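Inspection log for the structure reproduced underneath, given as C-alpha cells.
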Amino acid sequence: MTIQLRWLHQFQFAGYYMALEKGYYKEAGLDVKLLEGGPSALNPLDELMSGRSDFAITSSGVVIDRMEGKPVQAVAAIMQTSPIVWITLKSANIQTVEDMAGKRAMLMPPPESAELLTVLRKDQYNNLNVEFQHTSFDVEDLIRGKTDAYDGYISNEPYVLTQQGIEYNLINPRDYGVNFYADVLVTRESLADRNPELVARVRDASLKGWEYALTNLEESVQVIHEKYAPEKSIDHLRFEARTLRRLILPDLVQLGHMNPARWQFIADSYRDLGMTSAVPALEGFLFEDRQPNNYWLAIKVGGISAVLLMIAGYVILKFRRLSQQLAQTNRKLSEIAIIDQLTQVHNRNGLQQLIPGMLSLANRDGMNCSFLMLDIDHFKSVNDRFGHQTGDVALQAFAEVLTRHRRKEDLVARVGGEEFVMLLVGAHIEAATQIANQILESVRQLELVSPDGGRFGITASIGLVPAKGTLEGIWYAADTALYQAKHEGRDRVVRTTGVSQAKR
C-alpha cells in the first residue's frame, strides 16, 4: 500500500511515520510505503486517481472533486481546522483581507488553496483586485518583497520568520468564517468498494499512529528529525508539533472523525461561492466502515473514576435534584486538579471530563441547555502592547465576569488562550441570550490598568447555540457563530440554532 503525502516530510505527517515505526501497519498485515510530496507532487489527488498511489493526503477541496465526478472517498480527517493562512510582513501593514486590495498574493492551484480562495470569493471581498501569483513555496520571497501575502502554514513559516527576527501578521480563513477540515486521508472509490476491510485497516493503523504521535510529541519529533526530516531543526519540529496539535484537537474530537453535516456545509460553501457549479450531493463520499457512534473521545478513567461513577448514577435522579448534584460534581472535580490555575475556572481537561455527563443528565431529564463559546477581542494586541503579565490580568478579570454570571449548576471553562466556554443548564436560547448580553456589558465596564498606570478596556465576542445533539456538533456550531460574531465587528453575540442559521 502506498500513501501519497501532501508535502515534504515534516511533523504534519507524524501519525503515518509513527504507525510505521511502532509496527502498527505491520500488525494490521500491511506493507505501507509513504511517498513524499512537495512541488513535484503538488496535487496528491492526481497521484491517487492515476493509480500511482493507493491513498493520499489532501485538503477539504477534495469535496469539489467528488462533486465534479471524481470517484474519491474520504476516509479520515486528521485536522479539524486547516493550518493554511496568508502571511504578511508587519511592516507592510496588511492585517486583514480588506488590506489585501490591489496587493499580490501567492496561491497554490485549487483545491490545495481552497480555503484561501473561499475567503476571497465572499461578496464583500469579491472586488479587491488581488493579483494572484503561483506560489513559490519559499517564504524568502515575502521577505524580499516579491509578494505581499504568502500562502503558508501556521505551523511552519511563522517559526522561520521568528528565528530571523521578522515580525509578521497572519490572515487566517477561520477568522472569516472558513473553518474546514484539512489533511484528509482519501482513497479511490473502487478500492473502498472492492476491499473495505483493507481500507479500514489502513485507516485504523494510521489513526493509532496519530494517537501515539500526539501523546508522545517529543519522541515523535526526535524520530522525524532522525529518519525523515533531518534538514528541519528539533526546535522547528517542536513548534510544528505544538501548533498542529491545537488544530487536530485530540482532546476533544476522536482522531479522524468526519461529520457528514459539516462536509455538506463545506460543499455548500464551495458551490455558493462559485468554486464549482456541481450539485453538492455527497452520497458515497464518506468511507462507510461503521465509524463509532460516539465520535467524541470517551471520558477517561483513572484518577477520576469516582466522578464518572457519580455522573453515571445521576442519570436516574429526578429533575428537582439536578442543580444540587451538578454543583456537587463541580466541587468534586475541583479536588482533582482540573482547574485552570490562572483564572480558577475549569480547564480543558475539566471540560472534557464533566460536560458529557452534564449533557447526558440534562437531556435525560428534558432540560433546555445552552452552550456559549466566548473569546476576548484583540487579545493579542493586549499582550503585544502591555506584556503578558497584563494579559494575564485581563484573562483573570474576564473569568471573574463569567463566574459572576454563572449559576451553581453551570459550567465555565478556559479552553485555550483567550477562549472560554460556558454550559448554561436549564437555560433556553432566549434566557441564554440575555445572560450572554449581560456578560458583554459587564466586560465593557471592566477598567484594567496597564504597566504605565494607564487604563484600558476590553470587549468580547460570543457564539451561542442550544446544547442539543452531539458534543462535536454543538462545539462546531458555537465555533462558527463565534467567528461570525468576530467577522461582523466583534463585541456582540451571534446565536444559531444550526450551522447555517445565525442572528444577533
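The values are calculated or read from the model by the stated rules, or taken from the named source; none is laboratory data. Everything numeric here is computed off the predicted structure, so don't read it as measured data. Neighbour counts are summed over all protein chains in view; Cβ atoms, including those assigned to glycine, are modelled from backbone coordinates with ideal geometry.
Determine, yes or no, whether A460 is at pLDDT 95 or above and either closer than 19 Å to R492 by Cα or of a type in the set (D, E) (or both). So A460 passes the test. The set of residues from the range 1-48 being of a type in the set (K, R) and in a helix (DSSP H, G or I) comprises just one member, K26. Scanning the range 246-295 for residues that are modelled with pLDDT of 85 or more and of a type in the set (K, R), we see that the one that is surrounded by the fewest Cβ atoms within 10 Å (Cβ to Cβ) is R271. Number of residues in the range 226-238 that are surrounded by fewer than 20 Cβ atoms within 10 Å (Cβ to Cβ) and touching a helix residue (DSSP H, G or I) at 6+ places or on another chain (Cβ under 6 Å): the value is 2. Picking from residues in the range 350-378 that are within 23 Å of the chain's Cα centre (by Cα) and part of a loop (DSSP other than H, G, I, E, B), the one that is farthest from L170 (Cα to Cα) is D377. One residue alone among V412, V421, V493, V449 is over 22 Å from the mean Cα position of the chain (by Cα) and among the β-branched types (V, I, T), and that residue is V449. Annotation: D377 fulfils all but one of (1) loosely packed, with under 14 Cβ neighbours inside 10 Å; (2) in contact with a Lys or Arg (Cβ under 8 Å, 6 or more places away or on another chain); the unmet one is (1). What residue, among those in the range 108-128 that are over 14 Å from R174 (Cα atoms) and among the aliphatic types (A, V, I, L, M), is surrounded by the most Cβ atoms within 10 Å (Cβ to Cβ)? Restricting to residues being over 14 Å from R174 (Cα atoms) and among the aliphatic types (A, V, I, L, M), the top hit is M108. Residues of the range 59-80 that are assigned to a strand (DSSP E or B) and more than 21 Å from the chain's Cα centre (by Cα): V72, Q73.
Scanning the range 272-286 for residues that are part of a loop (DSSP other than H, G, I, E, B) and closer than 22 Å to D193 by Cα yields a count of 6. Of the residues making up the range 46-56, those that are buried (at least 24 other Cβ atoms within 10 Å of the Cβ) and of a type in the set (A, V, I, L, M) are L48, A56. Total residues in the range 366-382 satisfying the condition of being touching an Asp or Glu at 6+ places or on another chain (Cβ under 6 Å) and among the β-branched types (V, I, T): the figure is 1. When you check E472 against the structure, is it more than 20 Å from V382 (Cβ to Cβ), more than 23 Å from the chain's Cα centre (by Cα) and not in a loop (DSSP other than H, G, I, E, B), yes or no? No; evaluated as a whole, the condition is false for this residue. Taken across the range 136-151, residues that are buried (at least 19 other Cβ atoms within 10 Å of the Cβ), closer than 24 Å to G61 by Cβ, in contact with a Pro (Cβ under 8 Å, 6 or more places away or on another chain) and not charged (D, E, K, R) do not occur at all.
Hey, could you check the range 178-203 for residues that are buried (at least 19 other Cβ atoms within 10 Å of the Cβ) and among the small types (G, A, S) and say which is farthest from T496 (Cα to Cα)? Only one residue tops the list, namely A192. Do the conditions hold for E98, that is, is it touching a residue at least 12 places away in the same chain (Cβ under 8 Å), surrounded by fewer than 24 Cβ atoms within 10 Å (Cβ to Cβ) and over 28 Å from Q264 (Cβ atoms)? Yes: the conditions hold for E98.
Restricting attention to the range 2-41 and to residues that are at pLDDT below 95 and farther than 23 Å from Y159 by Cα, the residue that is surrounded by the fewest Cβ atoms within 10 Å (Cβ to Cβ) turns out to be S40.
Within the range 453-472, the set of residues being touching a helix residue (DSSP H, G or I) at 6+ places or on another chain (Cβ under 7 Å) and surrounded by fewer than 24 Cβ atoms within 10 Å (Cβ to Cβ) comprises G457, I458, T459, P466, L471. Every condition in (1) part of a helix (DSSP H, G or I); (2) out of contact with any Pro (no Cβ under 7 Å at 6 or more places or on another chain); (3) more than 30 Å from A477 (Cβ to Cβ) is met by E231 except one, and the failing one is (1). When residues in the range 379-393 are screened for being within 30 Å of A427 (Cα to Cα) and part of a loop (DSSP other than H, G, I, E, B), 0 of them pass.
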